[in-house]
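The numbers here are math on the coordinates, done by the rules we state, and not lab data. Only a predicted model underlies this, so the values are computations on that prediction, with no experimental measurement involved. Note that we place each Cβ from the backbone using ideal geometry, even for glycine, and neighbour counts take in every protein chain shown.
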Amino acid sequence: MEIFKSIKWKIAIMFALCIIAVLSVVCAVHVVTAIYDEKQSFENTINGVFDEQFTAELASIAETVDYTVDSADGSNMTISTVNTDNSKKLYDAVWAHSGELGINSSRFMCVMDESATPVYCTSEDIIENGTEKTASLIAALNGNVGMSTSLLQKYMDFALSIGSTKTIIYVKDTGDRLYGNLRRILMLYLYCLIGAVIFSMFAGLYLASSVTVPIKKLNDWAKQLAEGDLKAKTQIAGSDELSQLANSLVHMAHNLDKKNTEAKNEKTKLETILQSMTDGLLAFNTKGELIHYNNEAKILLGRNYLDDISFDKFFKEINANITIGDLLYMKHEEGIERSVTLDKERFVVMNFQTFELDGKIGGIVVVLHDTTKQEKLEQSRRAFVADVSHELRTPITTIKSYAETLIDSADAGREFLIRFLGVIASEADRMARLISDLLTLSALDDKHVEYKIPEEIDVRVLLERVTDRMQMGASKKDQTLTYRPINDVPIIMGDPDALERVVINIIGNAVKYTQAGGEIDVYSSKVYNDICIKVVDNGIGIPEENLPNIFDRFYRVDKARSRDTGGTGLGLAIAKQTIETSFGGKIKITSEAGKGTEVSITIPVPSSEK
Ligand code: ADP
C-alpha cells in the first residue's frame, strides 16, 4: 500500500517489530527457563526424597517378613506375613513425603504391582484408567530405576522397582500445572505484546514525525528550488542533522541564487551589448543551427523570423558562397569575409569567425555590417563625377566648336563674330556658374562654409527686395510675381546672402518653369516656432515620380529644357544644403504636373528671438 511506503510508516513499523522481537525473546527465555527450572526441581526433589536410606527403608517394607510369636503352649509359632498389605505400607511411607514431593492434581504418586498396575494412587483416575507405560515405567518393570525429565516432553516421571516383590513406586508429573501456568504467562505476554504494538505504533509515528515533518518541509522546499524559485526559504528548528542539512541547503540555494543572478546580469549585459550593436550578429553551433542573433541582424537581413535558418542553406540562399565546412575544417585566423547584396538594394559585408568552447570549436559567429550607405555614397560619388564631367564637357565642346568655326571663318562679318562670341561668352558664363555652384556645394558638404559673423535678417525685407529685383524677369514672361506677407516674422540671425541665394534660386525656378502669363506668389509667415517662406506658382509642375529625386545633384526633370534655361541642376541641391546646414531648417516641394509647384522653407526661430 502506498501509505506504508512513507518513511513515517516504515519507522513506526520497524519500531513495532523491534518491540515484538524483544518481547518474543523475553517471553521465550521466560518459558524455557520456567520449564527447565521445573524439570530441575523435579529431579532434585526425587533425588532428595528417594535417597539410599529411604529406598532401603522402602525395600524392607516391601519384603515379605516372617516373624514368630510365643504361642500359648510355649512353643514358637511362625506367622507368615504373606497376606500382609505391604503395598499400602509402601504407599503410606511415600505419602509421608507427599509434601516434599509436591503431590497435587497434576503430580501423582502410585504404588504398582510387578505388572505396573496401580494398586494405590493419589489419583483416582489412574486407579480406574491406568497409566501409559513410559520409558521410566518400563525401566522399573525391568527392575531398574527410571526417571524422565526431558525438556522436549511435557511430563516428568520417576519409577522405582522395590526389592524382590518388584512393587513399583511411580511418581509422575503430567506437566498440566506447569503448562497451565505457562499458558497464562503466554496470554499475559500476548496482551503485553498487543498493548506494546499499539503503543509502539503511536510512539513510532510520533517519533517518525519528528524526522518526517522536517523531511517533508525540506522536500517541499527542494521542489520550489527545482522549479527555479531560488529565493524560497525554509526553517527547521533545532540543531540536529536535519536542521544542519537544511542550513547547508539554504546556504547552497543562496549561493546558487547569487551565481544565478550574476549569470543573469552577465547575460543581460551581453544581451544589451548585442542588441545595441549597430552591426548584426548571428551565432551558429557546429551543426549549423542558429543559437543566437540580435535585432539588427533581423533588420539587416530583412527577415522577421530567423529561428528556422540553418547555416549552409541560408548562406547559399543569399549567395554568400560559404559553407560551414569551410570554417570548421580550415584554419582562418582572420575569419572569412563575404559581401552580399540583399534585395538588390542592401549591401552587407559578413565576417565569419569560429569561437571556442571547452578547448574545441564551439560554433561560428557572423558579424553583419551594413555598407549600403557607403556603397550608395560611392555610387553617387561616381555618378557625380560623371555628371560634373558631362556638364563641363557640354559648354567646353560648344566653346571649342564655336571658336574653331571662328578661326576657320577669318573673313566672317562683325554680326557673325558677335553672335559666335556671344555664344562662347554665355557658355563660359554657364561654366563659371557651374563651377561656382560646385564650389558652394563642396563647401556646404564639408561644412567649410566661409565663416561670417551672423547678421540680423529681416525675412520680410529680404523677400521684398528679391521679388522687386526679380520683377523684371517675370514681367518679360508676362508673369505676375507678388509678395504676400501673411503675418509678422521675427528677425533671425544668419548669413543674409546665403538665404537670398536660396530664395533667388527658388523664385528663379518658378519663373523659369512657369509659362508666360503665369502667377507666382511669395508668402512669408510665422507658424508656431517656425518662419515659413513659400513660393507658389501655377507653372508646368513636376511629375510625381520625379519628386523623390528633385533635390539630387544634377537632377533635372527635363534636361534639355533646363539646360536651355541656363540651369545647372544644382540649384535645389544647394538650397537644401544651405537651409539645412546654415539655418537648421527644412525645405519641401509639393507639385502636380501641369498645375504648379509649391516650395516651402521652414526655419526654426531660436527661443530668444521668438
Ligand atoms: P535647374 O538649374 O535645372 O533649375 P534646380 O536644382 O534648381 O536646377 O532644379 C532642378 C529641377 O527641378 C529643374 O530642372 C526642374 O526640372 C525642376 N523644378 C524646379 N523648380 C521647379 C518649378 N517651380 N516648377 C517646375 N519644375 C521645377
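Farthest toward the positive end of the dipole of the chain, out of LEU17, THR371, HIS97, is the Cα of THR371, where the dipole comes from beta carbon charges about the Cα centre. Computed from Cα atoms, the angle from the helix 571-583 axis to the main principal axis of the chain rounds to 60 degrees.
Straight-line cross-link partners of LYS154 among the aspartates and glutamates, defined as a Cα under 15 Å from its Cα and at least 8 positions apart when in the same chain: ASP37, GLU38, GLU43, GLU132, ASP173, ASP176. Separation of the stretch 484-503 and the stretch 315-346, taken as the distance between their Cα centroids, equals 54 angstrom. In the chain, the longest principal axis of the Cα atoms and the axis of helix 241-276 are about 10 degrees apart.
Let me spell out the model: positive unit charges on the Cβ of Lys and Arg, negative unit charges on the Cβ of Asp and Glu, origin at the Cα centre of the chain. What dipole size does that give, in debye rounded to 20?
So the dipole magnitude of the chain works out to roughly 3180 debye.
Measuring between alpha carbons in the structure, the pairs from LYS223/LYS298; LYS267/LYS360; LYS512/LYS586; LYS298/LYS373; LYS526/LYS595 lying more than 28 angstrom apart are LYS223/LYS298.
Relative to the compact-globule estimate of 2.2 N^0.38 Å, the Cα radius of gyration of the chain comes out at 2.68. Treating each Cα of the stretch 471-610 as an identical point scatterer and summing with the Debye formula, the log10 of I(q)/I(0) at q = 0.12, 0.14, 0.17, 0.19 Å⁻¹ comes to -0.47, -0.65, -0.95, -1.17. In this simple spin-label approximation, ALA56 and LEU357 carry label points 7 Å from Cα along the Cα→Cβ vector, and these lie 11.1 nm apart.
Highest-first packing order for the peptide set 583-592, 493-502 is 493-502, 583-592, based on the mean count of other beta carbon atoms within 10 Å.
If you look at the Cα atoms of the stretch 278-370, you get an Rg and a Dmax of 12.4, 41 Å. With unit charges on the beta carbon (Lys/Arg positive, Asp/Glu negative), name the residue among VAL348, ALA135, ASN487 whose Cα is farthest towards the positive pole of the charge dipole of the chain. After comparing all options, I get ASN487.
For the stretch 579-603 versus the stretch 348-363, the inter-centroid distance based on Cα atoms is 51 Å.
For the stretch 375-444, with only Lys/Arg (+1) and Asp/Glu (-1) charged at the beta-carbon, what is the dipole magnitude about the Cα centre, in debye rounded to 20? Provide the component values of the computation, followed by the final result.
Values: 9 positive and 11 negative charges, 33 e Å.
So the magnitude is around 160 debye.
With charges set only on the Cβ (+1 for Lys and Arg, -1 for Asp and Glu), what does the dipole of the stretch 158-272 come to about its Cα centre, in debye to the nearest 20? Don't jump to the answer; show the numbers that get you there.
Values: 15 positive and 11 negative charges, 85 e Å.
Taking the Cα centre of the stretch 158-272 as origin, the dipole is about 400 debye.
Lacking any other cysteine beta-carbon closer than 4.7 Å, the following Cys residues of the chain have no compatible partner: CYS18, CYS27, CYS192, CYS532. Axis of helix 372-408 versus longest Cα principal axis of the chain: the two differ by about 10°, to the nearest ten degrees.
Rank by packing, highest mean first: peptides 28-38, 293-303, with packing defined as the count of other Cβ atoms within 10 Å averaged across residues.
Numbers: 28-38: 13.5, 293-303: 17.6.
Highest-to-lowest ranking by the protection proxy: 293-303, 28-38.
Do the sum for the chain: with -39,500 (n - 2.57) for every DSSP H run of n ≥ 4, divided by all residues, what is the mean residue ellipticity at 222 nm, to the nearest 500 deg cm²/dmol? Walk me through the numbers on the way to the answer.
Numbers: 17 runs with 310 residues, N = 610.
That comes out to -17000 deg cm²/dmol.
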